[in-house]
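First the structure, in the form of structure tokens, and then the observations on it.
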2 protein chains.
Amino acid sequence: MQFTVVTIFPEFFDSFLSCGLMAKAVEAGVVAVSRVNPRDFATDRHHTVDDRPYGGGPGMVMGLPSMTAALRSLPRPGKICMLSPAGRPLDQRMAAELAGEEAVTLLCGRYEGIDARLFDLFDITPVSVGDFVLSGGESAAACLMEAVARLVPGFMGKDASADEESFSAGLLEYPHFTRPEVFEGLPVPPVLLGGNHATIAAWRRQRALETTLARRPDLFDTTPLSPDDAAFLRAAPRTRPGRNLHLGLVHGPVLLKDGSVGTVSLTNLDVHDIARVSRTYGLGGFEVVSPLRDQLTLAGRIVDHWCTGPGSRSNPDRAEALSLVRLHESLDAALAAVSADHGCPAALIATSAKGPATLSFAAARELIAARPALLVLGTGHGLADAVLARADGVLPAIRPFSDYNHLSVRAAAGILTDRLLGDAM
Amino acid sequence: MQFTVVTIFPEFFDSFLSCGLMAKAVEAGVVAVSRVNPRDFATDRHHTVDDRPYGGGPGMVMGLPSMTAALRSLPRPGKICMLSPAGRPLDQRMAAELAGEEAVTLLCGRYEGIDARLFDLFDITPVSVGDFVLSGGESAAACLMEAVARLVPGFMGKDASADEESFSAGLLEYPHFTRPEVFEGLPVPPVLLGGNHATIAAWRRQRALETTLARRPDLFDTTPLSPDDAAFLRAAPRTRPGRNLHLGLVHGPVLLKDGSVGTVSLTNLDVHDIARVSRTYGLGGFEVVSPLRDQLTLAGRIVDHWCTGPGSRSNPDRAEALSLVRLHESLDAALAAVSADHGCPAALIATSAKGPATLSFAAARELIAARPALLVLGTGHGLADAVLARADGVLPAIRPFSDYNHLSVRAAAGILTDRLLGDAM
């Protein structure tokens with residue numbers, strides 16, 4: 001296949017193209033790489049390709065005249081991609097798609113960027129190699145070319161080699177070992193020395209599953225898993241950040257319909273649904289808070305019915321969930337109980353459909369990986385301002401850009417827990 | 001700062017280090033890059049660094065003796081990172097962390113990988129530049145060095161330039177324009193020519209918000225947004241894939257407690273909660289299916305009470321949600337109604353806590369971006385096998401590796417919808 005790189009630093013690629021497998025692929029004619037410098041198409045004496053941005057600001061912007069002339073000079077541009085942090089992230093699937101093209105042109109921006117009207121003049125796909133900023137697109141273009149080229153038939157000596165690597169099977173790679181058999185006291189895992197291919201394949205699959213579970217559980221979303229895989233993962237030991245998280249359902253102080261602060265009565269299904277979420281996600285507990293003694297008595301009777309009474313016999317699953325429920329007269333009592341469970345002070349995370357948020361979901365995930373936390377939801381029309389004010393952090397609204405944010409507290413508890421813990425942990 | 005690259009292709013970096021801003025940074029002493037070749041530490045006549053993997057399989061593995069000798073020869077290794085697709089993904093925050101180190105050593109693997117015992121001998125952080133596979137770590141190491149080096153004080157002429165770029169503010173970059181003012185009939189946006197700095201800053205912020213909303217809404221999770229930003233995003237026109245998605249709540253045929261197939265009765269709160277999810281996520285509709293005529297009559301009375309009866313006056317928000325409810329005697333009738341709404345056949349997506357899954361969440365997101373779909377959930381103990389069998393796809397269990405999967409259908413509807421649509425769309 002044909003790559004054309006449009007760059008003001010064509011020499012950047014000299015050594016990239018002259019060593020390792022890339023050099024061999026070029027030599028073998030598997031891929032061809034040509035380079036075009038927009039500077040050669042500049043018409044002024046200084047071969048200027050950049051200029052100051054309209055509207056001011058730091059840095060320089062690559063202009064249209066030399067860039068369009070460079071692109072129009074290409075006899076066979078094929079699919080045009082621009083390396084840009086604002087692009088679609090490069091992944092193995094995109095690499096495979098590009099490997100199926102006959103020709104791919106890569107635009108490498110420099111300075112602050114390229115005049116945006118270029119996108120009106122050409123059909124350009126912005127591609128990113130990751131959420132980081134480079135000085136120009138050249139290093140990213142090298143990654144893209146290498147990732148794509150190695151999927152072009154004939155690139156590698158053995159085609160099997162490309163297939164067994166990370167992401168090809170949707171999992172991170174299993175660990176490799178080579179001679180010596182013992183190095184500084186560290187032996188190779190005995191299973192690899194046994195010569196039983198089925199056992200070795202199973203061992204490698206399990207190590208790949210383990211590594212993926214520990215580092216990139218998000219990959220399981222798109223990875224086909226066998227029943228054996230699923231059984232292994234269910235039994236695999238792992239850190240369970242869910243243990244650090246307790247859900248709290250606050251019935252007072254909360255906002256009432258008229259905007260005043262007060263207490264609302266308990267809803268049976270809230271207790272059931274949030275207990276089931278707590279059990280399904282392996283949470284540390286579910287704390288129900290009401291300042292009204294008779295409401296706590298009612299909640300206690302519901303819990304007893306399902307945990308030790310007739311309900312426990314007709315539906316043992318429900319007993320398992322409701323046994324996570326604890327009843328508290330105040331938020332302080334709930335926080336104290338969670339702190340006592342873990343032997344260290346629990347953070348208070350609040351939720352609000354109105355904002356402003358002070359804790360992103362990403363930051364909340366880090367928090368609960370490190371220490372216990374009580375995530376409180378308000379019944380009625382949400383938590384009172386006093387609760388938001390004392391919280392260590394307030395999560396964003398679940399749908400910050402929606403004009404309608406009236407989820408039930410049952411659905412909100414499930415969605416928030418899922419955003420914090422996901423499917424695998 | 002000091003970079004040391006451990007690589008069997010030291011010449012790979014020759015031109016990377018001799019052009020552009022990286023060359024200037026090296027020349028100015030802002031960064032220093034040394035290269036170490038494990039081959040120089042091999043003790044055999046052929047300078048062998050690789051060997052066949054224990055347990056068999058394609059490709060070669062870099063061995064421990066030369067690699068450990070190379071690492072131990074470094075006077076000041078600093079933080080050791082290995083470029084690997086199995087590593088923590090490089091992002092701007094990691095780049096900033098590494099820019100604060102005095103020394104960073106980058107291990108570039110080749111062949112299938114490096115003998116895994118190396119991780120027992122040294123404190124090594126695996127770092128990935130993206131979910132794609134390279135032949136070796138060199139191109140990735142170039143990206144990492146460039147991303148890190150440009151954050152080291154003194155790297156760029158103007159420090160402001162580094163700050164204004166993508167991800168520095170947590171958003172994708174706004175578009176840039178430079179001379180000529182009109183190119184092939186395309187004008188620069190007039191606001192940029194006006195010279196009003198506040199207006200220009202606001203315009204650029206809004207373009208950055210728009211681009212981020214369209215391409216990377218996930219970035220909003222960690223981006224601080226002002227009330228103006230949020231107001232702009234709420235009003236921004238955008239594709240709403242939620243319009244293509246309808247939730248379906250099936251009361252029969254479903255699994256009963258004893259494993260047989262039958263019909264369960266309607267629960268008032270199911271209708272309310274799932275209607276509220278449907279409205280909050282901007283779905284196309286909420287289809288309630290029951291083969292029992294009197295159950296549909298009951299559901300109709302509930303809906304009427306809240307949509308047109310007394311409930312609509314006391315709680316207009318609820319009317320907005322429940323107006324999305326439609327009642328059907330069969331799944332076929334529900335599918336026909338959804339297809340008729342959109343003028344093309346709707347896909348049937350089923351859910352099951354038991355599996356096996358045939359449609360990943362990622363694939364389901366692509367499906368509903370392209371065509372209408374009815375996502376059905378079963379009451380009772382889940383959808384009957386006949387429904388799973390006729391579905392175009394079955395989503396994975398919400399918690400596939402949990403030993404307990406007994407969420408309420410209300411919580412499950414919220415979680416599944418959130419996984420498919422997220423917070424911004």
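The values are calculated or read from the model by the stated rules, or taken from the named source; none is laboratory data. Remember, it's a predicted structure, so these values are computed and weren't measured experimentally. Cβ coordinates were reconstructed from backbone atoms using ideal geometry, including for glycine residues, and neighbour counts include every protein chain displayed.
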Next item on the list: List the helices (runs of 4 or more DSSP H) that sit entirely inside the stretch A:263-366 and contain at least 1 residues that are more than 23 Å from residue B:381 (Cβ to Cβ) and out of contact with any helix residue (DSSP H, G or I) (no Cβ under 8 Å at 6 or more places or on another chain).
Entry: A:293-307, A:331-342
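Do we find that residue B:379 is closer than 24 Å to residue A:362 by Cα and either more than 9 Å from chain A (Cβ to nearest Cβ) or hydroxyl-bearing (Ser, Thr, Tyr) (or both) in this structure?
Here the answer is no, as residue B:379 does not meet what is asked.
Is it true that residue B:247 is surrounded by fewer than 21 Cβ atoms within 10 Å (Cβ to Cβ), in the same structural domain as residue B:323 (by TED's automatic domain parsing) and either farther than 21 Å from residue B:331 by Cα or not basic (Lys, Arg) (or both)? So that I can check it myself, show each step before the final result.
Values: surrounded by fewer than 21 Cβ atoms within 10 Å (Cβ to Cβ): no; in the same structural domain as residue B:323 (by TED's automatic domain parsing): yes; either farther than 21 Å from residue B:331 by Cα or not basic (Lys, Arg) (or both): yes.
Spelling it out, it is not the case that residue B:247 is surrounded by fewer than 21 Cβ atoms within 10 Å (Cβ to Cβ), in the same structural domain as residue B:323 (by TED's automatic domain parsing) and either farther than 21 Å from residue B:331 by Cα or not basic (Lys, Arg) (or both).
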Next item on the list: Select from the stretch B:109-148 the residues that are over 27 Å from the mean Cα position of the chain (by Cα) and either within 21 Å of residue B:18 (Cα to Cα) or among the hydroxyl-bearing types (Ser, Thr, Tyr) (or both) and list them in ascending order.
Entry: B:111
Check: In the stretch B:323-334, is there at least one residue being over 21 Å from residue B:239 (Cα atoms) and within 13 Å of another protein chain (Cβ to nearest Cβ)?
Finding: yes
Checklist line | Within the stretch A:256-273, tally of residues that are at pLDDT 95 or above and closer than 16 Å to residue B:315 by Cβ | finding: 3
Check: Somewhere in the stretch A:6-25, is a residue of a type in the set (Asp, Glu) and either part of a loop (DSSP other than H, G, I, E, B) or at pLDDT 95 or above (or both)?
Finding: yes
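Could you list all residues from the stretch A:201-249 that are in a helix (DSSP H, G or I) and touching a strand residue (DSSP E or B) at 6+ places or on another chain (Cβ under 7 Å)?
The answer is A:211, A:215, A:244.
If we keep just the residues of the stretch B:381-416 that are of a type in the set (Gly, Ala, Ser), assigned to a helix (DSSP H, G or I) and under 21 Å from the mean Cα position of the chain (by Cα), which is farthest from residue B:356 (Cα to Cα)? Before the answer, list the steps.
Initially, the stretch B:381-416 is screened for residues of a type in the set (Gly, Ala, Ser), giving B:382, B:384, B:386, B:389, B:391, B:393, B:397, B:402, B:408, B:411-414.
Restricting the remaining residues to those that are assigned to a helix (DSSP H, G or I) gives B:386, B:389, B:411-414.
The next check asks that each one be under 21 Å from the mean Cα position of the chain (by Cα); those that pass are B:412-414.
Values: B:412: 17, B:413: 19, B:414: 21 Å.
By that ranking, first place goes to B:414.
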Check: Does at least one position in the stretch B:44-54 carry a residue that is over 25 Å from residue A:22 (Cβ atoms), in contact with a helix residue (DSSP H, G or I) (Cβ under 6 Å, 6 or more places away or on another chain) and surrounded by fewer than 23 Cβ atoms within 10 Å (Cβ to Cβ)?
Finding: yes
Check: Out of all the residues in the stretch B:9-68, which are of a type in the set (Ser, Thr, Tyr), free of Cβ contacts under 8 Å to residues at least 12 places away in the same chain and in contact with a strand residue (DSSP E or B) (Cβ under 9 Å, 6 or more places away or on another chain)?
Finding: B:54
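Among the residues of the stretch A:53-90 satisfying the criterion of being of a type in the set (A, V, I, L, M) and assigned to a helix (DSSP H, G or I), which is nearest to residue B:200 (Cα to Cα)? Please lay out each step first, then the result.
Step one: filter the stretch A:53-90 for residues of a type in the set (A, V, I, L, M), giving A:60-62, A:64, A:67, A:69-71, A:74, A:80, A:82-83, A:86, A:90.
After this cut, where a residue has to be assigned to a helix (DSSP H, G or I) as well, the list is A:64, A:67, A:69-71.
Working: A:64: 22, A:67: 26, A:69: 30, A:70: 31, A:71: 30 Å.
Restricting to residues being of a type in the set (A, V, I, L, M) and assigned to a helix (DSSP H, G or I), the top hit is A:64.
Would you call residue A:31 crowded, with 21+ Cβ neighbours inside 10 Å, in the same structural domain as residue A:145 (by TED's automatic domain parsing) and under 22 Å from residue B:184 (Cβ atoms)? Walk me through how you get there before you give the answer.
Details: crowded, with 21+ Cβ neighbours inside 10 Å: yes; in the same structural domain as residue A:145 (by TED's automatic domain parsing): yes; under 22 Å from residue B:184 (Cβ atoms): no.
So residue A:31 does not fit the description; no.
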Notebook entry, point to check: assigned by TED's automatic domain parsing to the domain that holds residue A:129, outside any strand (DSSP E or B), modelled with pLDDT under 95 and of a type in the set (D, E, K, R): does that describe residue A:39?
Noted result: no
Check: Is there a residue in the stretch B:302-321 that is at positive phi and either free of Cβ contacts under 8 Å to residues at least 24 places away in the same chain or surrounded by 14 or more Cβ atoms within 10 Å (Cβ to Cβ) (or both)?
Finding: no
Next item on the list: Tell me which of these residue A:267 doesn't satisfy, since it passes every other one: (1) more than 29 Å from the chain's Cα centre (by Cα); (2) under 25 Å from residue B:412 (Cα atoms); (3) surrounded by fewer than 16 Cβ atoms within 10 Å (Cβ to Cβ); (4) at the interface with another protein chain (Cβ under 9 Å from one of its Cβ atoms).
Entry: (3)
Next item on the list: For residue B:69, state whether it is under 25 Å from residue A:9 (Cβ atoms), more than 33 Å from the chain's Cα centre (by Cα) and either more than 7 Å from chain A (Cβ to nearest Cβ) or at pLDDT 95 or above (or both).
Entry: no
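For the stretch B:81-136, name all the residues that are hydroxyl-bearing (Ser, Thr, Tyr) and away from chain A (no Cβ under 11 Å).
Here is the first cut: in the stretch B:81-136, the residues hydroxyl-bearing (Ser, Thr, Tyr) are B:84, B:105, B:111, B:125, B:128, B:135.
Selection gives B:105, B:125.
Condition test on residue B:207, is it within 27 Å of residue A:404 (Cβ to Cβ) and modelled with pLDDT of 90 or more? Let's see the steps before the verdict.
Working: within 27 Å of residue A:404 (Cβ to Cβ): yes; modelled with pLDDT of 90 or more: yes.
For residue B:207, the condition - within 27 Å of residue A:404 (Cβ to Cβ) and modelled with pLDDT of 90 or more - is met.
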Check: In the set B:213, B:225, B:255, B:247, which member is within 26 Å of residue B:420 (Cβ to Cβ), of a type in the set (A, V, I, L, M), under 30 Å from the mean Cα position of the chain (by Cα) and more than 9 Å from every other protein chain (Cβ to nearest Cβ)?
Finding: B:247
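Pull up the stretch B:349-365, narrow it to residues that are away from chain A (no Cβ under 11 Å) and farther than 14 Å from residue B:284 by Cβ, then point me to the one that is modelled with the lowest pLDDT.
Pass one, the stretch B:349-365, residues away from chain A (no Cβ under 11 Å): B:349-352.
Of the ones still in play, those that are also farther than 14 Å from residue B:284 by Cβ are B:350-352.
On the way: B:350: 97, B:351: 94, B:352: 86.
Per the criteria, the residue is B:352.
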